[in-house]
Every structure is written in C-alpha cells, then in structure tokens.
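Written out below as structure tokens is the structure these notes cover.
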2 protein chains.
Amino acid sequence: MKLATLKNGSRDGRLVVVSRDLTQAIDAASVAPTMQFAIEHWSWVEPGLEALYDQLQAGHARGAFGFDPKKAMSPLPRTHQFVDASAFLNHGSIMEQAYQLTVKKSEGIPVLVQRQSDDFWGPCDDYPFPTEADNGDFEGEFGVVVDDIAIGSNAAVCESKIRLVTILNDVSMRTHLFRELQMGFGFINAKPATVFGPVAVTPDELGQSWRDGRVHLEMRVSRNGEWFGHPNGCEMDWSFGAILAHLAYNRNLKAGTIVGSGTVSNRAAREVGSACLAEKRALEKLDSGESTTPFLKYGDRLRFEVLDAQGASVFGAIDHRFVKA
Amino acid sequence: MKLATLKNGSRDGRLVVVSRDLTQAIDAASVAPTMQFAIEHWSWVEPGLEALYDQLQAGHARGAFGFDPKKAMSPLPRTHQFVDASAFLNHGSIMEQAYQLTVKKSEGIPVLVQRQSDDFWGPCDDYPFPTEADNGDFEGEFGVVVDDIAIGSNAAVCESKIRLVTILNDVSMRTHLFRELQMGFGFINAKPATVFGPVAVTPDELGQSWRDGRVHLEMRVSRNGEWFGHPNGCEMDWSFGAILAHLAYNRNLKAGTIVGSGTVSNRAAREVGSACLAEKRALEKLDSGESTTPFLKYGDRLRFEVLDAQGASVFGAIDHRFVKA
C-alpha cells in the first residue's frame, strides 16, 4: 500500500492512504492519525490501512479525494532517528579520486552518518538556503522506515522490520562538507533539512524490484527540466538490512527510524548520470581537468522520481525549488 | 521549577512536577501529559506547571507522592534532535596531546556531533553493552532543551529559547571512537544510548549559577563509590547560545531539541579530576607514560550529580550500573 502525510497545521500532519496510481487519497484517521502512530502500532493498524487501500483501488472508498503532492509533508515530517548511509562505494571512490581525499574506511563496515530528524521538508516546498557560496547540492537516495529493532539484531531480522520505502533528497552544502569531514565529527552546517518523497510504500508494492534489501529501480533526476541522471538502486554495496544491523550493534533502533542509502551511484556513471552535483563535477574534473556544472543557484528546480517497470511513478516526485533564505 | 518523566509503559512516559528538594512529585497530566507536549506548548503550559510547583513547595499539593528517581525515564525519553558539542576545548587539547591526534578544527567554530534521539535511557537503569573490549567510557555533561528556534537566529535569541537544563552521561565506546573519528563521518558504534538526569529544571532554578549561557556548578562524578572528579561547567569555551546559533545557521531547530556541552573539563584537571575515563587516561599517559585507569568493566557503578551553593542536589543523580548486553 501507499501512505502519505498531508499538511494540517500540526507538526506531524495527518495520515492518508494513497491509491497505487497516486491520483486518489483517503483520510486514515479512523485507523491511525499520523504516520508516527502507524509505525509505532504497525501490526495493529496494518489491516485497517490495507482495507482502506483496497477500497481506494476498487474505486469505492467513501470520502476519497484527489491526491495533491503539493499538500504533502514528508511521510514522516519528523521522527526520532535518521541515519544516512553512503552505501554506494562507487560514489565515494569517484569523489576520492577527483579530490585526492583519503577516507580511512574500514573494510566491510558501511559508512553511516547520524543526522537530525526534527524538521523534514515537504516534497514540493520551496527550499531556503542562506547563500549560494555554500555550494548547495542535492543527493537522490532511497530510504526505509523501520519498526522497533532490538540491540544486536542481525541483517535478516533487521530487513524483516522494514515497513516502508521512499525516496529522499539529502540536501548538502559542499563548502561546509569538506571542512566538517576533515574534522572528523560528522556533518552540521553541511547537512540542513532533508526532503522526502510525497509517498512511502510498503515493500510489497515494489514487487520483484525489492530484493536483497535493495530497490532495483532507477532514480530519475532532472535539474530545471533537463535530464541529470538515472542511476539504479541495485548497486548498493550493503543492503538496508546489513546497514541496520551495523547500526543496531550496541543500541536499540526505535520505530520510525529512517535509514537513507546515500546518493545513488552506478559504475556506469558516465553513461547513466549521477544523482548529485558533486559526483558529476568530480567526473568532469577527472575527465577534463575542470568542473563546469555549477552548484545550486537560487531558483533552481530539482525533480526526483522513480518509475516502475510499467512506467508508473512509485513514490510520486520530489519537485522543489531552491530559494534564498 | 523542576520536571521529570516517570515510567508508565509508554514511549514518552508521564510528566510530573518535582519539588525543589526532589522528595515530592505531582502528576502534571492536567496541564501536559508528556515532556514533549510541554516543550511544544511551553507558553501555554508554563503557568499551569508553575502553579503545581508552587503548591508542591507550599506543601499542600493534593495527590503529591514521593519522588523516586529509579522510576524516572530521561526527562525526554526520546526527542527529534540531539546534538552533542565538544565545548570544553581543554578536553580536546589533552586528548590531542596524549594521542598525537590532529583534529582540524576551524578557529571560532564549535565542534558539534549530530546524535540519535530515539532511545534515551533512564538515570538509574542498568546500562547494557556487548563487550568490555569496546573500551566503554562515560562523559558527564550539562545539557539544555530548547523551544522552536528559527533558521538564522543569533546567540542571544537562541539563549532565550532555552527552556530546561539537565545533566547527562554521554556513554562512549572508545574502541570504535578513534576508528570512526579518523573516517570523518561522525559516530555510530562509538555512541550508543545517552542517559539523562532524573530531573530537568528551568534556568531560573539555577539562580546566579546560570549565566553567560553556562552552568557555573561542579559536575561531581564517582565510580564505584570513589571520587573521580568535580570539574566546573563554567569553563565552556562556547555558551549554549553560541552553539545553538552555529547549529541554526541554515536550519530550523524544533522544540525538544537537546544540546549537550561535551564532557566537562577544567584546565586544573590534575586537581579537580575529570568527567570521563579517556581524559584521566590521557593525563596518566602524559604524566607517567602509561594509562592505568581501566575502561568500564561489567558491574561498574557510575554516579553524576550537581550540588547547588547550599549543597542540595539540583538535578538528582544519574546513578547506574554497566552490565553485559
């Protein structure tokens, strides 16, 4: 099934069930008022939400209305934990080559970054940032929302706790990123608010495209209406289950925890394009000695969308404009 | 006034108002059911909570009962953002000297670490960790809880949004910390769940000990009943307001955001002691060439407490035992 959160003036918004084709929605308040409530009471609310979804699909849901992604918040407008992985080693490898970085990664251990989760932005909201000198960038990613996971759980158990899948634009400010990376303590000014897709879906909605704990679909990115890239999620070097297990080594993960994949990146990046500016700029530097693609300008419009095998949008599109704060 | 959260089987617990001497409590459900609710509706609930506090102090609060810190959760058992600073440069300086670390800090910019906030542990709960080989450590810190802070707010505005002050033990696993620090992306396995004091207090409770955005009181730390250190919070190199302003440079901070000071550390550390094992071990290494104080052992009992000028406990004590997970 597909779920979204609509703006209603509150911090957590209101939960709706969305039809597979993303045209219709129905209020889910009779089952769960918010996405956070739904995730915390999943086994209890899932049948009721599925029933609403079935009614929507059958075209006889009373009270159904047109779904407008502009009125959507992030599926979880806020939550209690967000961890972003950097699970496509290809991306890091390109960056390290281009900028002679030495990231002391440990073999076999995924790179994870603890992030803030108090203020996610809506998929079509204007995104404010203070100055173009911060070298703004986007990162198209897949993400999962999990149920409670106990300390010490293995990858298989963790994967079984994945309740929802979505997309995100993990906005980055590269001027701060290199400074903060060198310091070692992770990202602060480099990582302002993150933006999620209009809709989160249960893994079964992805059919065969959800396997090995990865999304085997292309992340289609465009900038100002022009194709930017369509790398596939299948090349993740760690599954979401493996990432979650590393995270749960010595801590519980509580319901609503979100894990991002890191910017989607393929070994054929020169053909399929990238999901972030930094990678494209790094390839330009490696290939011609000079990066020519500019960082984010005020007024830039970014769009991220994933289509299924039939060409239908799975999560709806993140489609937003970057503006002066 | 003083506030605490008692265990009631729910994720957020129930809010109580606690008497100044920490002996009595009264349910706050008539005003605010949870700490998160109180912080999100502060101007609305503050008068009602103050009225309950006044009744408790006057000794005629109907329904008052004995306050037992063993039944307390962290004041916010979970929240939407936790950022830990490393605001005592003296601590970093000792660590860098002892271990020949080169942390590329930027002059004038505080070191902050984004942290998880989904699962804080209670002040007297047994604390499980998987293996002594992880070189477990504690860090006694001060922390603040803030109201909503808008993007771009300055230090004075940020400081005016501090609603509560408390203490925390920021548990660290040093084996993972050095590896993760070298990688640059911040801490994951190095920083399992954090533990907060039984009680959070409004800044006015601290009187003259709350000034310049710092707590001018000693953090008294004991290990297995023996004195370990009593460094003073006054030597923070950045005020909480300045730390918050750096964090809010390009993002909103939402109500319930917690900022920690970093392990309390004084220039006279050889006299007043430390608030973490790593610093004591570093001083031993610098002074005698060898660290002799062991990292956390199963069964170790740690206690953190802050006394006011009259010798009364301000926040109650974090008093917990480390056990095998």
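Just so it is clear, none of the values below were taken in a lab; they were calculated from the coordinates. Fair warning: this is a prediction, and the values are worked out from it, not measured in the lab. Counting neighbours? That spans all protein chains shown, and the Cβs are built from the backbone with ideal geometry, glycine included.
Okay, here's what the table says:
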quantity	calculated
Segment B:23-86 pair-distance distribution - Cα-Cα, 10 Å bins, rounded %	18, 44, 30, 8, 0
Axis-nearest residue in chain A [Cβ, rotation onto B], distance in whole Å	A:G186, 1
Helix A:42-58 axis, angle to chain A major axis (alpha carbon atoms, nearest 10°)	80 degrees
Computed over segment A:217-320, Kirkwood Rh from alpha-carbon pairs, angstrom	15.7 Å
Peptide B:147-154 - average C-beta neighbours from other chains (10 Å radius)	2
Residues B:S106 and B:K297, FRET efficiency given R0 of 30 Å [Cβ-Cβ distance, rounded to 0.05]	0.20
Relative contact order for segment B:176-319, counting Cα pairs under 8 Å that sit 6 or more residues apart, in percent	26 percent
Segment B:116-193: C-alpha gyration tensor shape, a/c 1.5 cut-off, then a/b vs b/c	oblate
Shape call, segment B:283-325: gyration tensor on alpha carbons, a/c limit 1.5	oblate
Within chain A, longest stretch free of exposed GluC sites (Glu not before Pro) [DSSP loop, at most 12 other beta carbons within 10 Å]	A:108-289
Per-residue ³J(HN,Hα) for segment B:105-120, Karplus 6.51 cos²θ - 1.76 cosθ + 1.60, θ = phi - 60°, Hz, x for Gly and Pro	6, 9, 3, x, 9, x, 7, 10, 10, 6, 9, 7, 9, 8, 7, 7
Above-threshold pairs, the threshold being 22 Å between Cα atoms, out of B:K70/B:K324; A:K280/B:K191; A:K104/B:K105; A:K191/A:K324; B:K191/B:K297; A:K105/B:K254	A:K280/B:K191; A:K105/B:K254
Cα-derived Rg to Rh of chain B, Kirkwood definition	0.95
Whole-angstrom Cα spans of segment A:95-254 along principal axes, big to small	44, 36, 32
Computed P(r) (all Cα pairs; segment B:37-132; 5 Å bins; percent)	2, 9, 10, 12, 15, 15, 12, 10, 7, 5, 3, 1
Rg(Cα) / (2.2 N^0.38 Å) computed for the protein assembly as shown, rounded to two decimals	0.95
Helix-only mean residue ellipticity at 222 nm for chain A, each DSSP H run of n ≥ 4 adding -39500 (n - 2.57), per residue, nearest 500	-6500 deg cm²/dmol
Nitroxide proxy distance, nm - points 7 Å out along Cα→Cβ at B:K324 and A:E271	5.4 nm
Shape call, segment A:160-273: gyration tensor on alpha carbons, a/c limit 1.5	oblate
On Cα atoms only, tilt of B:89-99 relative to the major axis of chain B in degrees	30 degrees
Other-copy label distances relative to A:E284, 7 angstrom Cα-Cβ extension, nm	5.5
For segment B:133-178, fraction of C-alpha pairs farther apart than 11 Å, in %	72 percent
FRET efficiency, 1/(1 + (r/R0)^6) with R0 45 Å, evaluated for B:E96 and A:D287 via beta carbons	0.70
Segment B:34-41 - phi-based ³J(HN,Hα) in whole Hz, Karplus 6.51/-1.76/1.60, Gly and Pro as x	9, 4, 4, 4, 4, 5, 6, 10
Over segment B:65-152, relative contact order from alpha-carbon pairs under 8 Å, at least 6 apart, %	40 percent
Lys, Arg +1 and Asp, Glu -1 on Cβ, resulting dipole of chain A about Cα centre, debye, nearest 20	480 debye
Relative contact order computed over chain B (Cα-Cα under 8 Å; 6+ residues apart), in percent	23 percent
7 Å along Cα→Cβ, label-point gaps from A:W227 to other copies, nm, shortest first	7.3
Number of partner chain Cβ atoms within 10 Å, mean per residue of B:251-258	5
Pseudo-label separations to other copies for A:H60 - Cα-to-Cβ vector, 7 Å, nm	6.6
Average partner coverage of A:175-182, which counts Cβ from other chains inside 10 Å	4
Cα lying deepest toward the dipole's positive end in segment A:8-103, options A:A25, A:M35, A:M95, charges on Cβ	A:A25
Debye, to nearest 20: dipole size of the protein assembly as shown, +1 on Lys, Arg Cβ, -1 on Asp, Glu Cβ	80 debye
Cα-based helix-to-principal-axis angle, B:277-288 vs chain B, degrees rounded to 10	30 degrees
